[in-house]
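J.: Following this message is one structure expressed as structure tokens.
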Amino acid sequence: MKLILHISFLLLLIMNSPVWAHGGKTLTFAISDAATEVVQAYHQFCRQAYHEIGYEVELKEYPIKRSLVQADLEQIDGILISTESILKKYNNLQVVPVELARVDLVVYSITKDFAVDGPSSLQPYKIGLMRGYLQSHALTEGMARQTVDSYKALFSLLKIGRVDVVIALKRETERFLAANPKFSEVKALSPPLFSVPMYNFLNKRHHELIPRIVPVMQRLIDDKVLERLYEPYRTD
């Protein structure tokens, strides 16, 4: 009887883990609760790709640091999209080596005009940042900065002169500015402060899926599937 109970308990644990949900064919990926709706393009892309190898994909929102911890501790199956820098701290995550996007962190201003020459060129200025954007926080550590929760709040700080510059993602900012003409005086400074590719990540317990999913993702990208999924969010 004890053996039967022990086996039943183990089966219950296994069947309630993320990868065994819905008949063993669902992967749960974390996204930041600060992510914009653009993340849906990558969700649709990953759903299509993983469906070809027999898996469905679900998303779960967390504060960004918690999402990485949850994936690293095997509470969920991976990260929908992030940069390889997370591997420096979270050793149980493994990159799916197909570039899904490129992050360009750009400096924006209304009153200032200068060539962006690394983080040190921002030292003289008051800086506005988005909460949860870890890279922009790391690049400006020790500088005068304010943090807000939305693009509207960020560019409002800039418009009323509370900050001299803001740091934001290029694509999301282009979309925001196109939809909010009252911020038309905002200009992008160049070059980008930071540029890095982004990838899908799996917990290492799913390492056997990587050689199966890589050619599928690459074929879909070559066929411009991701480009078409991203089109509704494009402003350039």
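J.: What GluC sites (Glu not before Pro) in region 134-192 are in a loop by DSSP, with at most 15 other Cβ atoms within 10 Å of the Cβ?
T.: Counting only loop positions with at most 15 other Cβ atoms within 10 Å, the GluC sites (Glu not before Pro) in region 134-192 are E141, E185.
J.: Scattering from the C-alpha atoms of region 103-194 alone, worked out with Debye: what is log10 I(q)/I(0) at q = 0.19, 0.20, 0.24 1/Å?
T.: Summing over Cα pairs of region 103-194 leads to -0.79, -0.89, -1.37.
J.: If the elastic network links every pair of Cα atoms under 10 Å, which of N92, N203, N180 fluctuates the most in the Gaussian network model of the chain?
T.: N180
J.: Give, as a single signed number, the net charge of other residues whose beta carbon lies under 10 Å from the beta carbon of S195, with Lys and Arg counted +1 and Asp and Glu -1.
T.: +1
J.: Additional query: Which trypsin sites (Lys or Arg not before Pro) in region 82-118 pass both tests, a DSSP loop state and at most 11 other beta-carbon atoms within 10 Å?
T.: Answer by residue number: K89.
J.: Which order do I64, I53, I79 fall in if you start with the one that has the fewest other Cβ atoms within 10 Å?
T.: Least crowded to most crowded, the residues run I53, I64, I79.
J.: Using a 10 Å cut-off around each Cβ, can you sort D149, D113 from fewest to most neighbouring Cβ atoms?
T.: D113, D149
J.: Hey, another quick one. Under a cut-off of 27 Å between alpha-carbon atoms, report the lysines in cross-link reach of K112, not counting same-chain residues fewer than 8 places apart.
T.: Hits, sequence-local ones excluded: K126, K152, K159, K170, K182, K187.
Read-outs: derived from the displayed coordinates by stated rules, not from any lab. Keep in mind the model is a prediction, meaning the values are calculated, not measured. Note: ideal-geometry Cβ built from the backbone for every residue, glycine included; neighbour counts use all protein chains shown.
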